[in-house]
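Trainee: Got a structure here, written out as structure tokens. Questions coming.
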Protein chains: 2
Amino acid sequence: MPDNQQKEQPRRRQARGERRVAQLLEAAATVFVTTGYTAASTNAIAREAGVSPGTLYQFFPNKEAIAIELGDRLMHEMRETYGEALAPIDPATPLEQAVGAAVDRFIAFNCDHPVFFALMHGPDVPGRIAEEHDVLHATLLGRIEGLLGSFLPDAPAADLTRTAQVCFGMYKAGLELVLAHEGAERDAYTREIKNVLIRYLEPLVGDRLGRTAGGSSSIHTP
Amino acid sequence: MPDNQQKEQPRRRQARGERRVAQLLEAAATVFVTTGYTAASTNAIAREAGVSPGTLYQFFPNKEAIAIELGDRLMHEMRETYGEALAPIDPATPLEQAVGAAVDRFIAFNCDHPVFFALMHGPDVPGRIAEEHDVLHATLLGRIEGLLGSFLPDAPAADLTRTAQVCFGMYKAGLELVLAHEGAERDAYTREIKNVLIRYLEPLVGDRLGRTAGGSSSIHTP
DNA sequence: CCAGAATGCGAGCGACCGCTCGTGTTTGTC
DNA sequence: GACAAACACGAGCGGTCGCTCGCATTCTGG
């Protein structure tokens, strides 16, 4: 295919158009969080935005593209948040602070953008979003795994992977609980999910200052 | 309404019919686990069962009824399993054994009936199934709460509820991880979810033999 | 000021889905 | 064997959904 220079030229857009796009994405976000992706109808999104179905398709080629654009914008903002949240691996940091800071940031992000949770954990998201989700998932798992590895340099890789997966799974479950509550209860649940993670990890990394990993630890289990 | 003796007489059924019902439910289970409830089409279920759409509607009034019947049968079998799993609250039992036994039973049940997970945790299940799910959810939470209460008689009710909710949430997340793996990995993840729960609960109930609940515990947090 | 692009509209197309109905076949009963 | 009830079929009805298309309106560059 010789003449495929650009899949499509991005079609010059006026200020009004940009406003419509933002308005449509916002409407899509509220519809997605209330009904989920599959059940959300494009007509409903257009109605929520106060425009006609035709107008919606002036800016998005199809329903999936709406979710993708929304996902991309969230992912972009997410990367800024989680870049600082897990990047600086300082082995001197106490476990409690490391876990606490990471959990706080991720929880805050998800509270600010509830549609992120809906798009990432919905069972019915389109392929492209699922891809992004998988990439993010893998990236985060890799970071956690690296962090654990720096605490436990001589643990088998399979155990590290599993422990990271457990941590992430517990965090996700905790996030769901946190999002289901508000105010003081929300804070209390945030506290609890930190406790879960800290107490789960403490026996593994708590004695990294010289002693060998102890018997009841699940890593190095006989 | 004076003459509403029975909402519907259960229509005398032949052996062939019973077989068809079982066959249809089995087909529905496989379709539900692979596509989820909403995306599953009745035509697809009929096709999976090797019958025509009309035949399906000979035995079920609508799509929801299929899921409900499936859910009822699972719930019935579930009650037998979980009745023994959480009923005998023996405060002398070590925490490790109590948690381990309960987790093992629930995990085994869900591995045997993967459609149970799909029906209970799908975001798009019909109202009646969601009701059953809520009832089961509340029942299990109540049991866990009661069990915790027997260990911590002087803890505030709100804290007990929250701790029970966290335990259940962590178990559900762990179940997802367990179902996503097989063989030895599956067993390893089962071990990990037990570790998570035990380590989370140990500081709360570990000193129930006389000493008061200690400072770092999340229950009784200042 | 005007040509053309960008924006906006909404009826409606095609596809699919849950479900029905008329018809034909099998099964139990006498 | 006769008769009714239960079972089985599959074309198709009504409805929704994603999306299109023809046309009107608004903006922008020359």
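Trainee: Report the FRET efficiency, 1/(1 + (r/R0)^6), for B:Ala158 and B:Thr35, where r is their Cβ-Cβ distance and R0 is 30 Å, rounded to 0.05.
Mentor: 0.15
Trainee: What's the average, rounded to a whole number, of partner chain beta-carbon atoms within 10 Å of each residue's beta-carbon in B:188-200?
Mentor: 6
Trainee: Note down the nm distance, to one decimal, between modelled labels 7 Å out along Cα→Cβ at B:Gln14 and at B:Arg73.
Mentor: 2.1 nm
Trainee: Cα gyration tensor of region B:68-205, axes a ≥ b ≥ c as square roots of the eigenvalues: rounded (a/c below 1.5), prolate (a/b > b/c) or oblate?
Mentor: oblate
Trainee: I would also like to ask the following. Along Cα-to-Cβ, 7 Å out, sits the label point; list in nm, shortest first, how far the one on B:Ala184 is from those in the other copies.
Mentor: Distances to the matching label points in the other copies: 5.1 nm.
Trainee: Enter the mean number of other protein chain beta carbons within 10 Å of the beta carbon of each residue in A:170-176, as an integer.
Mentor: Per-residue shielding by partner chains comes out at 5.
Trainee: Just check region B:13-60 against the gyration tensor rule for me: Cα atoms, a ≥ b ≥ c as the square roots of the eigenvalues, rounded for a/c under 1.5, and otherwise prolate or oblate depending on whether a/b exceeds b/c.
Mentor: Prolate, since a/c reaches 1.5 and a/b exceeds b/c.
Trainee: Please report, for B:Ser52, the nm distances (one decimal) from its label point, 7 Å out from Cα along the beta-carbon direction, to the equivalent points in the remaining copies, shortest first.
Mentor: 4.4
Trainee: Another question about this same structure. Which whole number gives the average, over all residues in B:118-125, of C-beta atoms from other chains lying within 10 Å of the residue C-beta?
Mentor: Taking all residues of B:118-125 together, the mean is 3.
Rule-based calculations on the coordinates, nothing more; no lab input. Here the structure is a predicted model, which means the values were calculated and not measured. Note that we place each Cβ from the backbone using ideal geometry, even for glycine, and neighbour counts take in every protein chain shown.
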